[in-house]
Ligand code: FEO
């Protein structure tokens, strides 16, 4: 048990081996943590639990450090199994403990575990006096589940934010200011791009709503990764930026290729962009991690996506990234398609259509090449890059 601040302690489990999360959807190259917190006041309060694969270890810690009989209240800020899984074991031993969660939380916990525990539904502004401290609940609907909420501990002024402001990261310290700052920020934006980006209009509103509460936040302690201690509002400011049509100005050229024709086109397009002063990065999607690729797309102002045609469509890694782009509902980005083909040539047309359907502003008709590009066709790709750069600057 590590002291977070005053009478608040970190009880969670650092999962050093985790390499995928949400099934195999999200890569977690630096592990993760399930940060469960204990508040020791006149009442003993457990805030969030951990995922069931770690139940045995967590229950041992809980028994040794707290004593399950001593828990007065449980707060479940969010009922996804990575934070609620061990409720089952705890409640088997202590079915009387009141569980504070949102109205939706009651519904989702019941539906997941098929138990009718001692629920106390709360909403924004509701408080719970636990002795010296008072807890205040803040609704975070759809950030990122309908039941999500946060708990503010008045006194030490720590915001227990659950998924919001988190990162999938297991580190030597639980505090951001004792870790590699670049890694923490990289994992924070990867978390935002992959998990929260589809909800950016809601996040923008919610950030304003939370700031209007004027909570004197001295620390933000999420349920994954590092606790923001040095300048806690820096991550709130970043969330405000990331949820407001965010980009870092560059273009991601994403392609897959069989005999390098599409790769050669990508290189010529990149040179065209460069000749107009626009920075770009090239990614072969079949060699890229999908979660990192979505993070790159999230950070890009524009995307140019290409594939050769196989079986009347793009290669499978391009089909996969197109589905991700569509699902992430990215805002205010521009795009175009390209590709090579042997006879039928559908891939670049399908990519073009899918970009459009994903809400990406299409600025040019797709460019295609039959078999291998010759010098004139590579010049055309160069010009394609220059034209895209012109649109980007408008
Ligand atoms: Fe960390 Fe949405 O659970």
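Do we find that residue 50 is surrounded by 19 or more Cβ atoms within 10 Å (Cβ to Cβ) and under 23 Å from the mean Cα position of the chain (by Cα) in this structure?
Here the answer is yes, as residue 50 does meet what is asked.
Among the numbered conditions (1) assigned to a loop (DSSP other than H, G, I, E, B); (2) more than 20 Å from the chain's Cα centre (by Cα); (3) free of Cβ contacts under 8 Å to residues at least 60 places away in the same chain, tell me where residue 131 comes up short.
Residue 131 satisfies all of (1) assigned to a loop (DSSP other than H, G, I, E, B); (2) more than 20 Å from the chain's Cα centre (by Cα); (3) free of Cβ contacts under 8 Å to residues at least 60 places away in the same chain except (3).
Report yes if residue 269 is in a helix (DSSP H, G or I), buried (at least 22 other Cβ atoms within 10 Å of the Cβ) and more than 16 Å from the ligand (Cβ to nearest atom), otherwise no.
Yes, satisfied.
Name every residue in the range 297-332 that is buried (at least 17 other Cβ atoms within 10 Å of the Cβ) and part of a helix (DSSP H, G or I), in order of residue number.
297, 298, 299, 317, 318, 319, 321, 322, 324, 325, 328 - these are the residues of the range 297-332 that are buried (at least 17 other Cβ atoms within 10 Å of the Cβ) and part of a helix (DSSP H, G or I).
Which condition breaks for residue 131 when tested against (1) under 25 Å from residue 59 (Cβ atoms); (2) surrounded by fewer than 23 Cβ atoms within 10 Å (Cβ to Cβ); (3) more than 16 Å from the ligand (Cβ to nearest atom)?
It fails just one condition, (1).
Looking only at the range 119-146, how many residues end up being under 23 Å from residue 28 (Cβ atoms) and modelled with pLDDT of 95 or more?
2
Restricting to the range 82-93, what's the tally of residues that are under 17 Å from residue 45 (Cα atoms) and within 11 Å of the ligand (Cβ to nearest atom)?
Residues that pass the stated criteria total 2.
Within the range 9-19, is even one residue out of contact with any helix residue (DSSP H, G or I) (no Cβ under 7 Å at 6 or more places or on another chain), buried (at least 22 other Cβ atoms within 10 Å of the Cβ) and more than 30 Å from residue 321 (Cα to Cα)?
Yes, because at least one residue in the range 9-19 is out of contact with any helix residue (DSSP H, G or I) (no Cβ under 7 Å at 6 or more places or on another chain), buried (at least 22 other Cβ atoms within 10 Å of the Cβ) and more than 30 Å from residue 321 (Cα to Cα).
Considering only the range 217-248, state which residues are part of a loop (DSSP other than H, G, I, E, B), at pLDDT 95 or above and within 24 Å of residue 36 (Cβ to Cβ).
Matches in the range 217-248: 217, 218, 223, 224, 225, 226, 229, 232.
Which number in (1) over 21 Å from residue 96 (Cβ atoms); (2) in contact (Cβ under 8 Å) with a residue 60 or more places away in the chain; (3) within 15 Å of the ligand (Cβ to nearest atom); (4) in a loop (DSSP other than H, G, I, E, B) marks the one condition that residue 30 misses?
All conditions are met except number (3).
Residues in the range 178-190: is at least one closer than 17 Å to residue 11 by Cα, without any contact (Cβ under 8 Å) to a residue 40 or more places away in the chain, more than 14 Å from the ligand (Cβ to nearest atom) and in a loop (DSSP other than H, G, I, E, B)?
Checking the range 178-190: not a single residue is closer than 17 Å to residue 11 by Cα, without any contact (Cβ under 8 Å) to a residue 40 or more places away in the chain, more than 14 Å from the ligand (Cβ to nearest atom) and in a loop (DSSP other than H, G, I, E, B).
Scanning the range 64-81 for residues that are assigned to a helix (DSSP H, G or I) and touching a helix residue (DSSP H, G or I) at 6+ places or on another chain (Cβ under 9 Å), which turns out nearest to the ligand (Cβ to nearest atom)?
81
Quick one: residue 40 ticks every box in (1) free of Cβ contacts under 8 Å to residues at least 60 places away in the same chain; (2) under 18 Å from residue 91 (Cβ atoms) except a single one, so which number is it?
Going through (1) free of Cβ contacts under 8 Å to residues at least 60 places away in the same chain; (2) under 18 Å from residue 91 (Cβ atoms) one by one, residue 40 breaks only (2).
Just name the residue that is surrounded by the most Cβ atoms within 10 Å (Cβ to Cβ) out of those in the range 108-127 that are more than 15 Å from the ligand (Cβ to nearest atom) and farther than 22 Å from residue 93 by Cβ.
Here the answer is 122.
The values are calculated or read from the model by the stated rules, or taken from the named source; none is laboratory data. Since the structure is predicted, the reported quantities are computational estimates derived from the model, not experimental observations. Note: ideal-geometry Cβ built from the backbone for every residue, glycine included; neighbour counts use all protein chains shown.
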